[in-house]
1. Taking the stretch 4-23 as the search range and keeping residues that are under 10 Å from residue 52 (Cα atoms) and at pLDDT below 95, which one is surrounded by the fewest Cβ atoms within 10 Å (Cβ to Cβ)?
2. Identify, from the list 6, 40, the residue that is without any contact (Cβ under 8 Å) to a residue 40 or more places away in the chain and more than 15 Å from the chain's Cα centre (by Cα).
3. Given the options 106, 152, 173, name the one that is surrounded by 20 or more Cβ atoms within 10 Å (Cβ to Cβ) and modelled with pLDDT under 95.
4. Among the residues of the stretch 126-139, is any crowded, with 19+ Cβ neighbours inside 10 Å, touching a strand residue (DSSP E or B) at 6+ places or on another chain (Cβ under 7 Å) and over 18 Å from residue 37 (Cβ atoms)?
5. Right, residue 94: within 30 Å of residue 68 (Cα to Cα) and surrounded by 14 or more Cβ atoms within 10 Å (Cβ to Cβ) or not?
6. What helices (runs of 4 or more DSSP H) lie completely within the stretch 108-186 and have 3 or more residues being within 22 Å of residue 94 (Cβ to Cβ) and within 18 Å of the chain's Cα centre (by Cα)?
7. Could you list all residues from the stretch 69-86 that are under 20 Å from the mean Cα position of the chain (by Cα) and farther than 14 Å from residue 128 by Cα?
8. Consider residue 58 carefully, then state whether it is at pLDDT 95 or above and under 26 Å from residue 22 (Cβ atoms).
């Protein structure tokens, strides 16, 4: 595992407050792939990492927050119905299909230019509508921004999650399933300081 800030200083790292050290960790191979993708971006543009490796506790907390979010949006939903919806966007914190974030092979990424995030979603759409990689309801300029990111990351071997335009991975179980690789390269890492 490597610290993205140290390995790729051009990449902006903006993690949530649940990571007190503010460091984004990725597998060494994954960080190298991200470095190659950087070279494919237009001049003046870079990536902003919103999440990379995460511990199981954070993964569990994210699942719980999504259940709460969907129950607020849909007051008539039971907790089980909200959890079923949340599972479309949040992977498990354990088991064979544990979140790719827990392997160091997945990252949540967007584009960054001139000190701010490049727009890639519309406030007029729901979370679910915005999350989809191919959203025809988006204005053309937002679709172009997504296409820039898609080309750069896919050309170096990353695979995009089918229902989150920002989630990309290499080597995890979801990547293996999406690409037909059959077997994941990476398993769960308990702490980012342990190299696997």
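The values are calculated or read from the model by the stated rules, or taken from the named source; none is laboratory data. Computed from a prediction, not measured in an experiment: that's the story for all the values here. Cβ: placed from backbone, ideal geometry, glycine included. Neighbour counts: every protein chain shown.
1. The residue in question is 23.
2. When all the criteria are applied, what remains is 6.
3. Going through 106, 152, 173 in turn, the sole match is 173.
4. For the stretch 126-139, residues crowded, with 19+ Cβ neighbours inside 10 Å, touching a strand residue (DSSP E or B) at 6+ places or on another chain (Cβ under 7 Å) and over 18 Å from residue 37 (Cβ atoms): absent.
5. no
6. 173-179
7. 83
8. no
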